[in-house]
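Visitor: Structure below; questions to follow.
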Amino acid sequence: MTLFSFIFAMLLEQFRPVRDDSAFAKRIEQLFLRVERSTNSGEMSSARLSWFAIVAGGTVLTWVIVALLSHVNVLLGFLATVGVLYLCIGFRQFSNRFTEIQLALSVNDLAGARNALRRWMEHSGGDVLTRLAAESGDSSAICREAIRLALVGAQRHVFGVIFWFVILPGPAGAVLYRLSAEARRVWADARDPVLAGGASTAPISPFGDFAVRAFAWVDWFPSRVTAIVFAIVGNFEDAILMWRYKSGFAPHKNDTERVILSSGAGAMGVRLSVPEAPSVSIRFDEPSETEAFGGPWPSLAQDMPDLREANEAALRSAVGLVWRALILWVALVLLVSIGHWLGWLT
């Protein structure tokens, strides 16, 4: 049932995608904001309790409801699982935005591509490099940041959801992952001064700080599985080299993104802006001090792959990488389902 419910949810999402500004998405966002307003005491303890109340509470509630429906009728349980997965998976949420940029660049509409990237960044996050590309970036910069947002979006809307859907019973794992990702987006990413163009915004509260760290815990293992998948379906050697090299840099709040992007860059042979230090002041085309002296692993730096600049061809490579990775993820779900079926037979 795991495989069939996932396939049905994916097909339903392809024909009728849930928009990121849908009424359901807005209700979830308002829930996080309302809980923060009513419980924020300025202490980390209130952030922890609120996060667990929403994320863990939502996960347990989903498991209980689906389990009860499955006990009443197997078909009801199946439909409930498909419905929850449909709301959690957002393949079209990032693929539509990516396609919009592709189409704009194909007709040399640089302004249209920048606007599309800016709208994408405002909802999905980014950093100073994404903002600069959206404001005044050339075609290469726009392609680079679009690929970056696409790979991260694929992880947060599809691959990470699949991982936790397989690990936890029923669709509870999918809810755990999506709620933790949404907590980070609402409590932290949406208030990042970088995304506001450096404008004065409220500092990240304990809620944002804990949401970032909690999502890093939730996404730690799935991001590494995705990095391995990218390596398998792309250039394996270059993906692993990039992953090992970038993993040696200073800790960063986007460490899971760094794993995905470094592996994806090597798998495609394309330069991407990979988070490398706690400060966002380092420009993509200005190597940091660590890189200037050979990076954290000088021996690896000598063997670094020669990556090409991002362009429209790289956009097509990114699409191919994501689809091949999705096929491999589906194959993994199939293997897990076969294992469950064999367990029931014996």
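Visitor: Going by how many other Cβ atoms sit within 10 Å of their own, how do PHE159, PHE221 line up, fewest first? Mind showing how you got there, number by number?
Guide: Numbers: PHE159 25, PHE221 14.
So the residues, fewest neighbours to most, are PHE221, PHE159.
Visitor: Now, a different point. Quote the FRET efficiency, to the nearest 0.05, computed for PHE52 versus TRP323 with a Förster distance R0 of 41 Å and r equal to the Cβ-Cβ distance.
Guide: 0.70
Visitor: Hey, another quick one. Along Cα→Cβ, 7 Å out, is where each label goes; now give me the distance between the ones at ASP138 and GLN30 in nm to one decimal.
Guide: 4.6
Visitor: Gain in length, ARG119 to GLU237, computed as 0.36 nm per residue apart minus the alpha-carbon separation, to one decimal in nm?
Guide: The ARG119-GLU237 span can extend by a further 39.0 nm.
Visitor: Given points 7 Å out from each Cα along the Cα-Cβ axis, report the ALA67 to ILE338 separation in nanometres with one decimal.
Guide: Here the modelled spin labels are 3.0 nm apart.
Visitor: When ARG118, ARG178 are ordered from fewest to most other Cβ atoms inside 10 Å of their Cβ, what list results?
Guide: ARG118, ARG178
Visitor: Now for a different question. Each residue of segment 222-232 in order: what ³J(HN,Hα) in whole Hz does its phi give by Karplus 6.51 cos²θ - 1.76 cosθ + 1.60, θ = phi - 60°, with x for Gly and Pro?
Guide: Karplus-based 3J(HN,Hα) across segment 222-232 equals x, 5, 6, 5, 4, 4, 5, 4, 4, 5, 5 Hz.
Visitor: Would you mind ranking LEU85, LEU75, LEU334 so that the residue whose beta carbon has the fewest other beta carbons within 10 Å leads the list? Mind dumping the intermediate values first?
Guide: Numbers: LEU85 25, LEU75 10, LEU334 14.
Starting with the residue having the fewest Cβ neighbours, the order is LEU75, LEU334, LEU85.
Visitor: Apply the Karplus parameterisation 6.51 cos²θ - 1.76 cosθ + 1.60, with θ equal to phi minus 60°, to every residue of segment 94-100 and state each ³J(HN,Hα) to the nearest whole Hz, in sequence, with x for glycine and proline.
Guide: These are the phi-based 3J(HN,Hα) values: 9, 5, 5, 5, 5, 5, 4 Hz.
Visitor: Efficiency by 1/(1 + (r/R0)^6): what FRET value for ARG16 and VAL60, r their Cβ-Cβ distance, R0 = 30 Å, to the nearest 0.05?
Guide: Details: r = 28 Å, r/R0 = 0.94.
Once rounded, the FRET efficiency stands at 0.60.
A short reminder: the numbers here are calculations on the coordinates, not readings from a lab. Since the structure is predicted, the reported quantities are computational estimates derived from the model, not experimental observations. No Cβ is skipped: glycine too gets one built from the backbone with ideal geometry, and neighbour counts run over all protein chains shown.
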